[in-house]
Amino acid sequence: MPLIPLLAALPAYAVEPMKFDFGGRGTTAGFTAVTEADVYTPEKGYGFDPGFAPRSEDRGGDPVKGDFVTGDGGFYFSVALPPGNYDVTVLLGDLAGKSGTTVKAESRRLMLENVVTGDGQQVSRKFTVNIRQPDYPGGRVGLKDREKGYLHWDEKLTLEFNGPRPCVAALDITPAPSATTVYLLGDSTVTDQPFEPWNSWGQMFPRFFKAGVAISNNAESGESLGSSLSARRVAKVVAEMRKGDYVFIQFGHNDMKRKEADALQVFEVGLSKLVKELQTKGAIPVLVTSMERKAGVNKDTLAGYPDAVKRVAENEKATLIDLHAMSRELYVGLGENLDAAFQDGTHHNNFGSYEIARCVVEGVRKSKLPLAAMLADDVKPFDPSKPDSAADFKYPASPVKNMTKPDGN
């Protein structure tokens, strides 16, 4: 029987830790040796994704540290696992050369950014990743047809190794049942966009947190609050969250398209009801006002929806991150380089979503939430009016590309 059905029957916490030695020798007890010839199959339950195999290199000496895999343009390694949170530890570097490695998970979810090692240096880095499937206790998410093949809904954990010279010597995967989960609900500007050149702040968000925090991005392109409720995306979050978990909620871009006279009022009432339910169950809701579109630098395009979110936050005493205001500051700060942040009039590219994520992270940093203490050590204060330089932004594009515009605008 393939390994996947066996693992799917287990809860994440019951999975035994897994250790992989990349490069081939694998003489150390407890490690599974992996070379470029190990292509992922359901029967094996691990391996490099077909068409994205790296190459093995061997420096001799220690069988775990001395051999590694590397490649150009990004390569993928997958492991069959049940849904849940996992601590992932990677050993990066080349004992005889330099390396530069960026690690993404699932659908291009940024976990580690440009980990650089010098000649003969290796470093260990740890992060926590959430993986999920459509089923949850009591129901199943109503996926859109295009979602059914996405990496963030399948039966495995997929890691993308990318960068100027990614060198991966070893990998350790351990269940993390005590991790704090940060759930995201929202639209195309939040979701894990599966294809280049599109990108959203939610998939840049994990990079800014320490291990022990897992981001579960349940947003989807084209979604409104109402459609996320009817598709049971919200119900899945409510069913799985635990006391002390966080739920970031950003809607407005698609909600404002409703033509009913009371559409804004219905949105506000529904959002308020959701916040109360989360609070009653012990979760911590964080309301995020929608970022502006490219045309919204000087004129609001969101028809009062950011103000409705602010009212709910005030009435329900929920934490508010005013991304609407910060995005305008960011766009003004970009000035003549504004186009460098957008792929179209609404959706961002890698640079734009990174800057928007920094705005949200700044909101977390300034909040009085315990989550602020879990930001990565290198997170510094960010002034949206003084954005990073687009020309200096170096970020390895993933090898999967599709120019089809995401739903929503």
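The values are calculated or read from the model by the stated rules, or taken from the named source; none is laboratory data. The structure presented is a predicted model; accordingly, all values stated were derived computationally and were not measured. Please note: Cβ atoms are built from the backbone with ideal geometry, for glycine as well, and neighbour counts cover all protein chains shown. What goes into the accessible areas is simple: the full protein's heavy atoms, side chains included, and nothing from ligands, DNA or RNA. Shrake-Rupley method; radii C 1.70, N 1.55, O 1.52, S 1.80 Å.
Structural remarks
- Lys-Lys pairs in the range 255-383 that are eight or more residues apart or on separate chains and whose Cα atoms lie under 17 Å of each other come to 11.
- Mean Cβ neighbour count within 10 Å, used as a protection proxy, ranking 165-171, 263-269 highest first: 165-171, 263-269
- Charge tally for residue 381 (other residues, Cβ to Cβ under 11 Å; Lys, Arg +1; Asp, Glu -1): +3.
- Cα-based shape type of the range 205-332, given that a ≥ b ≥ c are square roots of the gyration tensor eigenvalues and the cut on a/c is 1.5: oblate
- Per-residue extension of 0.36 nm, minus the Cα-Cα distance of residue 276 and residue 58, leaves a gain of 72.8 nm for this segment.
- Cβ-placed point charges (K, R +1; D, E -1), dipole of the chain about Cα centre in debye, nearest 20: 800 debye
- Annotation for the range 119-150 versus the range 257-275: alpha-carbon center distance of 30 Å.
- Max mean-square fluctuation residue, GNM over the chain, Cα-Cα springs under 10 Å, options 158, 280, 35: 280
- For the range 266-384: rounded, prolate or oblate by the Cα gyration tensor [a/c cutoff 1.5]: oblate
- Working note: 222 nm ellipticity from helices only, DSSP H runs with n ≥ 4, each -39,500 (n - 2.57), summed and divided by the residues of the chain, gives -6000 deg cm²/dmol to the nearest 500.
- Taking the accessible area of the range 127-285, probe 1.4 Å, and keeping the other protein chains in place, the carbon and sulfur fraction comes to 53%.
- Rounded to the nearest 20, the Cβ-based charge dipole of the range 165-255 about its Cα centre (Lys and Arg +1, Asp and Glu -1) stands at 320 debye.
- Taken over the range 268-332, the percentage of Cα pairs per 5 Å bin, counting from 0 up to the bin with the maximum distance, is 4, 19, 26, 19, 14, 10, 6, 2.
- If you look at the Cα atoms of the range 1-156, you get an Rg and a Dmax of 16.6, 53 Å.
- Sequence ranges 360-372, 243-255, ranked by mean other-Cβ count within 10 angstrom, highest first: 243-255, 360-372
- Neighbourhood charge, 10 Å Cβ-Cβ cut-off, centred on residue 156 and excluding it, Lys, Arg +1 and Asp, Glu -1: -4
- Residue 126/residue 295 FRET efficiency (R0 56 Å; Cβ-Cβ; nearest 0.05): 0.85
- Two-site FRET efficiency, residue 390 against residue 307, from Cβ-Cβ distance with R₀ of 35 Å, rounded to 0.05: 0.70
- Burial order of peptide ranges 140-153, 192-205 (average beta-carbon count within 10 Å, highest first): 192-205, 140-153
- Residues of the chain: accessible area per residue with a 1.4 Å probe, Å²: 39 Å²
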